[in-house]
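Here the structure is laid out as structure tokens; the discussion comes afterwards.
The values are calculated or read from the model by the stated rules, or taken from the named source; none is laboratory data. All of these numbers come straight from a predicted model, not from anything done at the bench. Because the Cβ atoms are built from the backbone with ideal geometry, glycine has one as well, and the counts that use them run over all protein chains shown.
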Amino acid sequence: MKNPITWGYASLRERGLTRTLSSAVSFIDNWWFDLRYGTDTAAVVQTPLLDIPAQVKALAHEYRASKAAPMRKLLEAAELPENKVFLDMGCGKGKALMIAADYGCQKLIGVEYSPTLCERARDNLQARLKNRPEVAFEVVQGDAAEYEFRDDENVIYFYNPFAAPIARSVLRSLERSLQRVPRQVWLLYYVCEFRESFDECPFLELKAAPVFGGCEHLIFINRCYLPRV
């Protein structure tokens with residue numbers, strides 16, 4: 001871990017006061033979450049250290065935990081339905097799933113390629129939800145590009161987990177699921193580095209783009225349409 005004084009001085013010079021303070025608040029928030037709930041989510045895992053195939057690393061991003069405060073605001077702003085099945089694409093250590101459990105999601109599913117992160121996510125969810133038997137969770141180890149959506153999943157969360165080619169594969173899989181079982185879905189996108197994949201998707205429309213914690217969040221819903229015949 002970097003010396004906080006050295007980091008702060010360098011950040012002030014390179015990023016300015018506002019962004020430095022924002023990063024410091026985020027750091028404290030992440031570590032406080034783990035201290036409060038007995039979990040292990042805060043530490044960053046850089047892409048070269050992920051235990052995933054080399055060809056996948058070229059399209060993957062490093063692991064960073066979702067920030068609790070902005071995500072809570074995002075879940076409130078999205079106006080989600082009561083029967084929420086929450087899917088986190090690239091769930092890392094499971095922090096977003098744990099937060100979603102506090103917003104009425106009775107079924108949580110995480111998809112993560114890294115076996116190590118999958119195990120950490122399962123341990124974290126077990127610790128966080130040990131007194132919440134009504135909440136079911138599952139962490140699926142595998143390639144998001146090959147994931148076939150289950151037909152009850154209706155809230156899909158992305159925290160900038162991968163590049164545009166994988167995002168397009170994920171959206172094609174979602175479209176197949178919607179053709180099988182038409183339903184309303186919400187896509188929540190945080191840190192919108194590859195938003196063009198979502199903007200260009202013909203069956204999605206942007207519902208809102210709120211800014212929380214200095215970062216834009218995108219809320220998409222699917223357009224009403226009939227299944228192909």
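A few notes on this one:
- Those residues of the stretch 1-57 which are modelled with pLDDT under 80 and aliphatic (A, V, I, L, M), in sequence order: MET1, ILE5, ALA10, LEU12, LEU17, LEU21, ALA24, VAL25, ILE28
- Candidate set from the stretch 104-146 (those that are of a type in the set (A, V, I, L, M, F, W, C) and surrounded by fewer than 17 Cβ atoms within 10 Å (Cβ to Cβ)); member that is nearest to LYS57 (Cα to Cα): VAL140
- Residue check for GLU153: farther than 17 Å from MET71 by Cα, under 16 Å from the mean Cα position of the chain (by Cα), modelled with pLDDT of 95 or more and outside any helix (DSSP H, G or I): yes
- Residues of the stretch 176-200 that turn out to be surrounded by 15 or more Cβ atoms within 10 Å (Cβ to Cβ), in contact with an Asp or Glu (Cβ under 8 Å, 6 or more places away or on another chain) and not in a helix (DSSP H, G or I), as a count: 2
- Lone qualifier among ALA69, ALA96 - being crowded, with 23+ Cβ neighbours inside 10 Å and in a helix (DSSP H, G or I): ALA96
- Hey, GLU76 within 28 Å of ASN222 (Cβ to Cβ) and either outside any helix (DSSP H, G or I) or outside the structural domain of TYR157 (by TED's automatic domain parsing) (or both) or not: no
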